[in-house]
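Beneath this line is the structure, given in structure tokens, with notes to follow.
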Amino acid sequence: MYDVVGGTIDSPDAETMRRVLDGLAEADDEHPDVSLSHESGWCLSAYASGLLVWENAEDNTVHPGEMHEVGRDEILRLFGLLAAGDIGALDGLPWRR
């Protein structure tokens, strides 16, 4: 997981993910998001505006998906799914591509 200033957190638990997401209050133009990556290459990036981006950094044939105005609790839930490796549940969501 990457916090808002680019710091790395290995294997974050739910409380750590919550704290990292809280760090979006300090987001700026240079550091606009926090993200969680899975060993499969899938990544969720969350922005203070409620934008959530779902992408696979290792597979350029898959277009990134977006959701807008996603609430904090839902972002935490989705981070939890990614941390657990539930790629299918995440990929099945209504992403705008």
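The values are calculated or read from the model by the stated rules, or taken from the named source; none is laboratory data. Just so it is clear, the model here is predicted, and its values are computed rather than measured. When we count neighbours, we look across all protein chains shown, and the Cβ atoms used for this are built from the backbone with ideal geometry, even at glycine.
The lone criterion from (1) touching a residue at least 12 places away in the same chain (Cβ under 8 Å); (2) part of a loop (DSSP other than H, G, I, E, B); (3) surrounded by 12 or more Cβ atoms within 10 Å (Cβ to Cβ) left unmet by Glu69 is number (3).
If you check Leu90, Leu78 for being in contact with a helix residue (DSSP H, G or I) (Cβ under 8 Å, 6 or more places away or on another chain) and farther than 17 Å from Tyr2 by Cβ, only one passes: Leu90. The set of residues in the stretch 13-32 being hydrophobic (A, V, I, L, M, F, W, C), under 20 Å from Leu81 (Cβ atoms) and loosely packed, with under 15 Cβ neighbours inside 10 Å consists of Ala14 alone. Going by what's in this entry, would Gly50 be described as over 16 Å from Leu21 (Cβ atoms), of a type in the set (Gly, Ala, Ser), out of contact with any Gly (no Cβ under 6 Å at 6 or more places or on another chain) and not in a strand (DSSP E or B)? So Gly50 does not fit the description; no.
Only one entry in Ala57, Ala84 is under 18 Å from Gly6 (Cα atoms), of a type outside the set (Val, Ile, Thr) and exposed (fewer than 15 other Cβ atoms within 10 Å of the Cβ), namely Ala57.
Conditions (1) part of a loop (DSSP other than H, G, I, E, B); (2) at pLDDT below 95; (3) over 11 Å from the mean Cα position of the chain (by Cα), marked per residue:
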site: Ala46; (1), (2), (3): no, no, no
site: Glu55; (1), (2), (3): no, no, no
site: Glu58; (1), (2), (3): yes, yes, yes
site: Leu76; (1), (2), (3): no, no, no
site: Pro94; (1), (2), (3): yes, no, yes
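Suppose the filter is touching a residue at least 40 places away in the same chain (Cβ under 8 Å), outside any helix (DSSP H, G or I) and surrounded by 16 or more Cβ atoms within 10 Å (Cβ to Cβ); does Leu36 pass it? Yes, satisfied.
For first residues located in the stretch 84-97 and at positive phi, partners that are surrounded by 12 or more Cβ atoms within 10 Å (Cβ to Cβ) and part of a loop (DSSP other than H, G, I, E, B) and lie 6+ apart or on another chain with Cβ distances below 8 Å form the pairs Gly85/His38; Gly85/Ser40.
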